[in-house]
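Student: My questions all concern the structure below.
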Amino acid sequence: MPATAEKFRAFWADKTSPMSRSEHPEFLRQMAAELTLLFGNRCPISVLEIGCGNGCLFDFMGFSPYSYRGVDFGPRMIETFRRRHPRLDLIEAEGSSYVDDSAYDLILVHDVIAHFTTEMLADHCRNARRMMHAESLLVWGSVPWRELRNTFDFGMWSNDGAVSPVRWVKTHLRRMLGRDRMGHWYRMAEISRIARQNSLHVRFHGSIAYPYRFHAVLWPSSPSDRPTMGPVLQSPGRS
């Protein structure tokens, strides 16, 4: 197992919460609505969620409990999810290496890609491709946007947008010491390259809940068969 995966296994071992921005029902309802928009005109029945955490989003996504599989690295989060939904198909496993013999309408990976190195993301994409049929969607939700990392470090997306050089220095020090909880920040070009390597098309969409992140929607059909969704993001210049 990659060293990064081992680090995150240790980190998540005793966690019962995915430590996202909020677990307040109103925020979760809004986050679920934002993710659901990414499905466009598709109505997925069979769903694989990699990084399902404690299931805090499940009740708001409208997924059928009879054709849903949740996978997560954190044993205590899986236990918490299972206590609330004892009949669901839940598996404790590392996300980037996970693969099974099923073909899913939707593979949802929300707020997880940041925990994958580029190599782990490439492995995950290959594995996900094996679990997709011609009409499947692979959704990578809330990916930290590399071109906007400096704005995040300066605090422009918090504290009423006030710029803080002190915060910038502290954030960079934590990153240099390997203590950056945000993980890996991706450029859209990196995502596009990995998609092409696996014969997948990709479109990018901004996040309302996390303006410094983007969503990537991948699919194997021809470009003319792309799902109908809202405006597409274009990657800004390099920074």
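Student: So, of the residues in the stretch 94-116 that are hydroxyl-bearing (Ser, Thr, Tyr) and part of a loop (DSSP other than H, G, I, E, B), which turns out to be nearest to the chain's Cα centre (by Cα)?
Tutor: In this case the residue turns out to be 96.
Student: Another question, if that's okay. Provide a single number: the residues in the stretch 74-93 that are under 17 Å from the mean Cα position of the chain (by Cα), buried (at least 16 other Cβ atoms within 10 Å of the Cβ) and part of a loop (DSSP other than H, G, I, E, B).
Tutor: 1
Student: Turning to a different aspect of this structure: If you scan the stretch 103-120, which residues turn out to be among the polar types (S, T, N, Q) and either touching a Phe, Trp or Tyr at 6+ places or on another chain (Cβ under 9 Å) or buried (at least 24 other Cβ atoms within 10 Å of the Cβ) (or both)?
Tutor: Selection gives 118 alone.
Student: Can you tell me which residue in the stretch 1-40 is modelled with the lowest pLDDT, limited to those that are in a helix (DSSP H, G or I) and hydroxyl-bearing (Ser, Thr, Tyr)?
Tutor: The residue in question is 4.
Student: Follow-up question, since we're still on this one. Among the residues of the stretch 53-96, which ones are among the polar types (S, T, N, Q) and either touching a helix residue (DSSP H, G or I) at 6+ places or on another chain (Cβ under 9 Å) or not assigned by TED's automatic domain parsing to the domain that holds residue 140 (or both)?
Tutor: 54, 96
Student: Failed condition for residue 71, given (1) modelled with pLDDT of 95 or more; (2) in contact with a strand residue (DSSP E or B) (Cβ under 7 Å, 6 or more places away or on another chain); (3) part of a loop (DSSP other than H, G, I, E, B), with all others met?
Tutor: Answer for residue 71: the failing condition is (3).
The values are calculated or read from the model by the stated rules, or taken from the named source; none is laboratory data. In this text, all values refer to a predicted model and were calculated from it rather than measured experimentally. All Cβ positions, glycine included, derive from the backbone under ideal geometry; neighbour counts span all protein chains shown.
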